[in-house]
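Data first, discussion second: the structure below is written as structure tokens.
The values are calculated or read from the model by the stated rules, or taken from the named source; none is laboratory data. Since we're looking at a predicted model, the values are computed, not measured. Counting neighbours? That spans all protein chains shown, and the Cβs are built from the backbone with ideal geometry, glycine included.
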Amino acid sequence: MSLKTVLETGLETVLGKIETAVRDRGPGRKPVLVAVSKTFDAKAIAPVLAAGQRVFGENRVQEALGKWPGLKSAHEGIELHLIGPLQTNKVRDAVALFDVIETVDREKLARALAREMGKQGRTLPVFVQVNIGDELQKSGVAIEKTGELVALCRELGLNVIGLMALPPANRPPGPYFAQLADLAKKEGLDGLSMGMSADFEQAILLGATHVRIGSAIFGGR
Ligand SMILES: *Cc1c(COP(=O)(O)O)cnc(C)c1O
């Protein structure tokens, strides 16, 4: 099988599974598929673009700068999500290139983003990332500080559309997804970015509005 066929099969399969999960879940909006293209080059991304996918996720600003300006100018309607940690010295590049920032997790970053968006005249939707498993090594705001950060983002004029999280690896993700959904509801937020290749169907059943899927579309990294 050619590389192109393999890639298209991944996308079609994922879209089919999303449809099924949405049917099983019942009423609600259709989740947005964020195709996570980190580590894959423009050539590997091309077939997925050709198949009509327009929402993509990258976890590193520097890496994204190497491939997305060209892909964006060659294709209409691309929406690029930053799904990895953002250092304040990269905020300028991030605001210029990305369309959605999913990883707002601290006051300093919220302030830098608000300032830079004002400067560039680009009001990007953002998610607040929550450290839902309370893990030392993971980014994300602590669960008990989430309300405070969401409130600050709103005061700063950021367009907060939801919460994002990565549950701990090697533990059943269901309870974490449910907890994130509760937290979002409490904060009056509709958006829920949760679920990756291994667990997106369960995330959809628990209310995900955005699923971030890499390896199931592009293959192993
Ligand atoms: C890599 C990554 C994903 C996608 O992971 P897969 O298991 O390849 O689907 C989703 N979210 C974040 C934050 C990631 O870094």
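Can we say residue 27 is at pLDDT below 95 and not basic (Lys, Arg)? Break it down stepwise before answering.
Numbers: at pLDDT below 95: yes; not basic (Lys, Arg): yes.
In short, yes.
Take region 81-98 and flag every residue that is surrounded by fewer than 22 Cβ atoms within 10 Å (Cβ to Cβ), over 11 Å from the mean Cα position of the chain (by Cα) and not in a helix (DSSP H, G or I).
Selection gives 85, 87.
Anything in region 99-109 that is part of a helix (DSSP H, G or I) and either in contact with an Asp or Glu (Cβ under 8 Å, 6 or more places away or on another chain) or among the hydrophobic types (A, V, I, L, M, F, W, C) (or both)? List them, or say none.
109
This table checks each residue for (1) part of a helix (DSSP H, G or I); (2) of a type in the set (Gly, Ala, Ser); (3) within 16 Å of the ligand (Cβ to nearest atom); (4) at pLDDT 95 or above.
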| site | (1), (2), (3), (4) |
| --- | --- |
| 137 | no, no, yes, no |
| 147 | yes, yes, no, yes |
| 154 | yes, no, no, yes |
| 168 | no, no, yes, yes |
| 179 | yes, no, no, yes |
| 188 | no, yes, no, yes |
| 204 | yes, no, yes, yes |
| 212 | no, no, yes, yes |
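Name the residues in region 162-182 that are surrounded by fewer than 21 Cβ atoms within 10 Å (Cβ to Cβ) and either out of contact with any helix residue (DSSP H, G or I) (no Cβ under 8 Å at 6 or more places or on another chain) or closer than 19 Å to residue 148 by Cβ (or both), would you? Before the answer, list the steps.
So in region 162-182, the residues surrounded by fewer than 21 Cβ atoms within 10 Å (Cβ to Cβ) come out as 168-172, 174-175, 178-179, 181-182.
Selection gives 169, 170, 171, 172, 175, 178, 179, 181, 182.
Name the single residue that is nearest to residue 34 (Cα to Cα) among those in region 51-83 being more than 16 Å from the ligand (Cβ to nearest atom) and charged (D, E, K, R).
54
Being exposed (fewer than 15 other Cβ atoms within 10 Å of the Cβ), out of contact with any helix residue (DSSP H, G or I) (no Cβ under 7 Å at 6 or more places or on another chain) and within 21 Å of residue 14 (Cβ to Cβ) is true for just one of 28, 57, 66. Which residue is that?
Details: 57 fails: exposed (fewer than 15 other Cβ atoms within 10 Å of the Cβ); 66 fails: within 21 Å of residue 14 (Cβ to Cβ).
Exactly one residue qualifies, and that residue is 28.
Would you mention how many residues in region 190-199 are surrounded by fewer than 24 Cβ atoms within 10 Å (Cβ to Cβ) and either within 8 Å of the ligand (Cβ to nearest atom) or part of a loop (DSSP other than H, G, I, E, B) (or both)?
Residues flagged as surrounded by fewer than 24 Cβ atoms within 10 Å (Cβ to Cβ) and either within 8 Å of the ligand (Cβ to nearest atom) or part of a loop (DSSP other than H, G, I, E, B) (or both) within region 190-199 amount to 5.
Restricting the first residue to region 112-130 and requiring it to be among the acidic types (Asp, Glu), which pairs with a second residue that is in a loop (DSSP other than H, G, I, E, B) meet a Cβ separation below 9 Å and a spacing of at least six or different chains?
116/122
Among all residue pairs at least 6 apart or on different chains, which show Cβ distances below 8 Å where the first residue, located in region 155-176, is more than 24 Å from residue 198 (Cα to Cα) and the second is of a type in the set (D, E, K, R)?
156/111; 160/154; 161/190
Are any residues in region 39-80 among the charged types (D, E, K, R), modelled with pLDDT of 95 or more and not in a loop (DSSP other than H, G, I, E, B), and if so, which ones?
58, 63, 67, 72, 79
Report the residue count in region 110-127 for those that are within 16 Å of the ligand (Cβ to nearest atom) and either aliphatic (A, V, I, L, M) or assigned to a loop (DSSP other than H, G, I, E, B) (or both).
Kept after step one, since they are within 16 Å of the ligand (Cβ to nearest atom), are these residues of region 110-127: 126-127.
Pick out the ones that are also either aliphatic (A, V, I, L, M) or assigned to a loop (DSSP other than H, G, I, E, B) (or both) and you get 126.
Selection size over region 110-127: 1.
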